[in-house]
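This report refers to the structure that appears directly beneath it.
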Amino acid sequence: MPITPHVLPHRDAHIVILTGAGISKESGLDTFRDADGIWSKVRWQDVATPEAFAKDPEKVHAFYNMRRARNRSLDLQPNAAHLALARLEAEWPGQVLIVTQNVDTLHERAGTKNLLHMHGLHAQARCNHCRHVVEWSGDMSVHTVCEGCTQPGGMRPNVVWFGEMPMYLDEISAALTDCDLFISIGTSGNVYPAAGFVQVALKNGSHTSEINLEPSAGASLFAEAHYGPATAAVPAYVDALLKSV
Ligand code: APR
């Protein structure tokens, strides 16, 4: 699938890349809003808000325990799209930052270094009492004791729920203000503030490119678009960028 970017950035261009669940789909992880996505099986209002956790913490824990158990059962590997972005970061003369909405660790396992998880990480837990954050891979319940403050009942997944403030917004805003090329990959463009990043980039004169299986909700905002599975479209786009320097 030869891809010729409409605009080839200058060699020390700063590139900001936003990724969503679509980039991990071909590694075996479900997206959220596809027909068979996570939110087709459970209401996010029941398992992914602070109110849901206050109302029925065991239901929320059961949802995340099930997702951790499923991830453990899969031999999750970074795919060609994750690897291509890691190669871009390693070989591009300018700065490359990946801002991911994903809570998996496939970007870092592909070798990406300059990475911000704006929605947190599935593989971490945080205490509501003392804010202590720990690596977490097993089950969690209201009886789980925080190793920081030794209190039970406060441990929760260290992910950002609907209605909560995403992480690293100051760093992301600074990067978008300074970027020459903004690329959005594998996201439906339904959830803010991530869905609004393209407008910040445009306001600052950045070139904008969408790479997705199908047009996202914000497709009309992008100067350029390439549609197809991420494992084909992303390596082809990265190859073309790297050939231009
Ligand atoms: N290659 C590229 N894109 C794909 C592929 C693929 N193989 N498969 C699916 N997609 C696209 C879909 O077409 C869709 O546009 O990935 C996008 C996934 O969209 P969502 O399921 O809405 O996931 P995302 O945009 O990451 O959701 C954002 O919403 O529920 C919250 O916190 C959650 O971080 C998540 C946020």
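The single residue among Leu97, Leu76, Leu29, Leu83 that is within 13 Å of the ligand (Cβ to nearest atom) and either open to solvent by 20 Å² or more (accessible area, probe 1.4 Å) or not in a helix (DSSP H, G or I) (or both) turns out to be Leu29.
When Gly22 is tested against (1) of a type outside the set (Phe, Trp, Tyr); (2) more than 6 Å from the ligand (Cβ to nearest atom); (3) not in a strand (DSSP E or B), just one condition goes unmet, and that condition is (2).
Only one of the numbered conditions (1) free of Cβ contacts under 8 Å to residues at least 24 places away in the same chain; (2) open to solvent by 20 Å² or more (accessible area, probe 1.4 Å) is not met by Trp44, and that is (1). Taken over segment 12-26, the criterion of being more than 18 Å from Ala194 (Cα to Cα) and either open to solvent by 50 Å² or more (accessible area, probe 1.4 Å) or among the hydroxyl-bearing types (Ser, Thr, Tyr) (or both) is satisfied by Asp12, His14, Lys25, Glu26. The criterion of at least 1 residues that are open to solvent by less than 20 Å² (accessible area, probe 1.4 Å), within 16 Å of the ligand (Cβ to nearest atom) and closer than 24 Å to Glu164 by Cβ is met, among strands (runs of 3 or more DSSP E) falling completely within segment 181-245, by 181-185.
Kindly indicate which of Ser141, Ser73 is of a type in the set (Ser, Thr, Tyr), in contact (Cβ under 8 Å) with a residue 12 or more places away in the chain, out of contact with any Phe, Trp or Tyr (no Cβ under 8 Å at 6 or more places or on another chain) and farther than 25 Å from Arg11 by Cβ.
Working: Ser73 fails: in contact (Cβ under 8 Å) with a residue 12 or more places away in the chain.
When all the criteria are applied, what remains is Ser141.
The values are calculated or read from the model by the stated rules, or taken from the named source; none is laboratory data. Keep in mind that this is a model prediction, so the values were computed, not measured. Every residue, glycine as well, gets a Cβ built from its backbone with ideal geometry; the counts of neighbours run over all protein chains shown. The area values use the complete protein model at the heavy-atom level, side chains included, leaving out ligands, DNA and RNA. Shrake-Rupley method; radii C 1.70, N 1.55, O 1.52, S 1.80 Å.
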